[in-house]
Amino acid sequence: MLIPAKSLLVKARAKKYAVPAFNINNLETLQAVMSAAVSMKSPVIIQTSEGAIEYAGMDYLIALVRVAAQTKLPIVLHLDHGKDLKLIKRAIDSGYTSVMFDGSSEAYADNVRNTKLVVKWARTKKISVEAEIGVLAGIEDKVSVVERGATMTDPKQALEFATKTECDSLAVAIGTSHGAFKFAEKNHPHLDLPRLEAIAQLVKIPIVLHGASGVREDVLKIAVHYGAKLGEARGILDQDIKAAIFRGVAKVNIDTDLRLAFTAGVREAVADSPSVIDPRKLLMPARLLMTEIAKQKMKLFGSAGKA
Ligand code: G3H
Ligand code: 13P
Ligand code: ZN
């Protein structure tokens, strides 16, 4: 059943678990996520980025998710990191049940103004809006620790932003970043949990954590064994994810961990079966590995059994 994100996330925050939000671009990833949700009895958010829409087409993605949502489980179709207002409007009018307006790289006043506009559009269709305040900086951005602190979410500004825009959930920057290379050093002090706590004390709507992949070593090992060159890939520790959920995070975004599983599965299948040309045989192991990863996330986030 396709539903808006708001009530799911409000309940999750109150009960101290988080709903997993997986990025999908294709049929196999969607099937893996759905198969995990069914077996774990978990609500799930299926999200597509602007890049996913460019790759697969919005109509294809909507059609796939509508079929996937023919179940009693609560499913959300969410636009991830919407920046293009025209595309956001199209998603709202075409059947998405939740959209993100990402104005995190805009000036504060523009972010407020544009978020309010998206909230106004979304209200007409009774769908939910996620917004973002603060900037997620990756190690590839080469910012110092001091600079990184300056781009993180300021708790008072977060409260003002949430109040002014009336968004339904708020993505914050507390030390995570997108992709497989989150920290330069192994012993980097991971998330700024005191900052999250301060935000959560003021902002009562559900908080969203982007860039939350764990970059699991076992999956990385398979990918690297079969030829992937992934250098010092490093993700967020499971214990930090749990601590963030305990402090008010109700939606956790995962893309990289499924990408890694897909890559590992495909590489292994291609390498081990040089005479196979059937795409189904080459993609099946990747789909299974992605299902396993999605299930682990549901357990970790506490969403298993909550559908
Ligand atoms: O937050 C970004 C997601 O991982 C989506 O990435 O824009 O390459 O689809 P993408
Ligand atoms: P990861 O790159 O850590 O999976 O984060 C994904 C994300 O935040 C999508 O919006
Ligand atoms: Zn993100």
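Need the failing condition index for Tyr226 against (1) over 19 Å from Val135 (Cα atoms); (2) surrounded by 16 or more Cβ atoms within 10 Å (Cβ to Cβ); (3) within 18 Å of the chain's Cα centre (by Cα), just the number.
So Tyr226 meets the others, but not (3).
Could you say whether any residue in the range 122-139 is modelled with pLDDT under 95, over 20 Å from Leu9 (Cα atoms) and in a helix (DSSP H, G or I)?
Yes: one or more hits.
Need at least 1 residues that are out of contact with any Cys (no Cβ under 6 Å at 6 or more places or on another chain) and surrounded by fewer than 24 Cβ atoms within 10 Å (Cβ to Cβ) per element, so show me which strands (runs of 3 or more DSSP E) inside the range 29-121 make the cut, counting only ones lying wholly within it. Break it down into steps so the answer makes sense when it comes.
Numbers: elements: 44-48, 75-82, 98-101.
Qualifying strands (runs of 3 or more DSSP E): 75-82.
For Val112, work out the one condition from (1) in contact (Cβ under 8 Å) with a residue 12 or more places away in the chain; (2) over 19 Å from the mean Cα position of the chain (by Cα); (3) farther than 18 Å from Ala173 by Cα it doesn't fulfil.
(3)
Of all residues in the range 2-19, count the ones that are in contact with a Gly (Cβ under 9 Å, 6 or more places away or on another chain), hydrophobic (A, V, I, L, M, F, W, C) and assigned to a helix (DSSP H, G or I).
Summing the residues that are in contact with a Gly (Cβ under 9 Å, 6 or more places away or on another chain), hydrophobic (A, V, I, L, M, F, W, C) and assigned to a helix (DSSP H, G or I) in the range 2-19 gives 1.
So which residues in the range 66-77 are away from ligand 3 (no atom under 16 Å from the Cβ), of a type in the set (Val, Ile, Thr) and in contact (Cβ under 8 Å) with a residue 24 or more places away in the chain, if there are any at all?
Thr71, Ile75
Taking Ser169, is it within 16 Å of ligand 2 (Cβ to nearest atom), polar (S, T, N, Q) and at pLDDT 95 or above?
Working: within 16 Å of ligand 2 (Cβ to nearest atom): yes; polar (S, T, N, Q): yes; at pLDDT 95 or above: yes.
Taking the combined requirement at face value, the residue satisfies it.
Answer yes or no: is there a residue in the range 49-65 that is farther than 27 Å from Lys295 by Cβ, touching a Gly at 6+ places or on another chain (Cβ under 9 Å) and either within 16 Å of ligand 3 (Cβ to nearest atom) or touching a residue at least 40 places away in the same chain (Cβ under 8 Å) (or both).
yes
Out of (1) at pLDDT below 95; (2) within 16 Å of ligand 2 (Cβ to nearest atom); (3) within 19 Å of Leu209 (Cβ to Cβ), the odd one out for Gly149 is which?
Failed condition: (2).
Looking for something farther than 25 Å from Thr153 by Cα and either among the hydrophobic types (A, V, I, L, M, F, W, C) or surrounded by fewer than 20 Cβ atoms within 10 Å (Cβ to Cβ) (or both) - is there at least one such residue anywhere in the range 208-216?
Yes, the range 208-216 contains at least one residue that is farther than 25 Å from Thr153 by Cα and either among the hydrophobic types (A, V, I, L, M, F, W, C) or surrounded by fewer than 20 Cβ atoms within 10 Å (Cβ to Cβ) (or both).
Among the candidates Val203, Val215, which residue alone is farther than 20 Å from Met100 by Cβ and more than 14 Å from ligand 3 (Cβ to nearest atom)?
That would be Val215, the only listed residue that is farther than 20 Å from Met100 by Cβ and more than 14 Å from ligand 3 (Cβ to nearest atom).
The values are calculated or read from the model by the stated rules, or taken from the named source; none is laboratory data. Just so you know, these numbers come straight off a predicted model, no measurement behind them. Cβ: placed from backbone, ideal geometry, glycine included. Neighbour counts: every protein chain shown.
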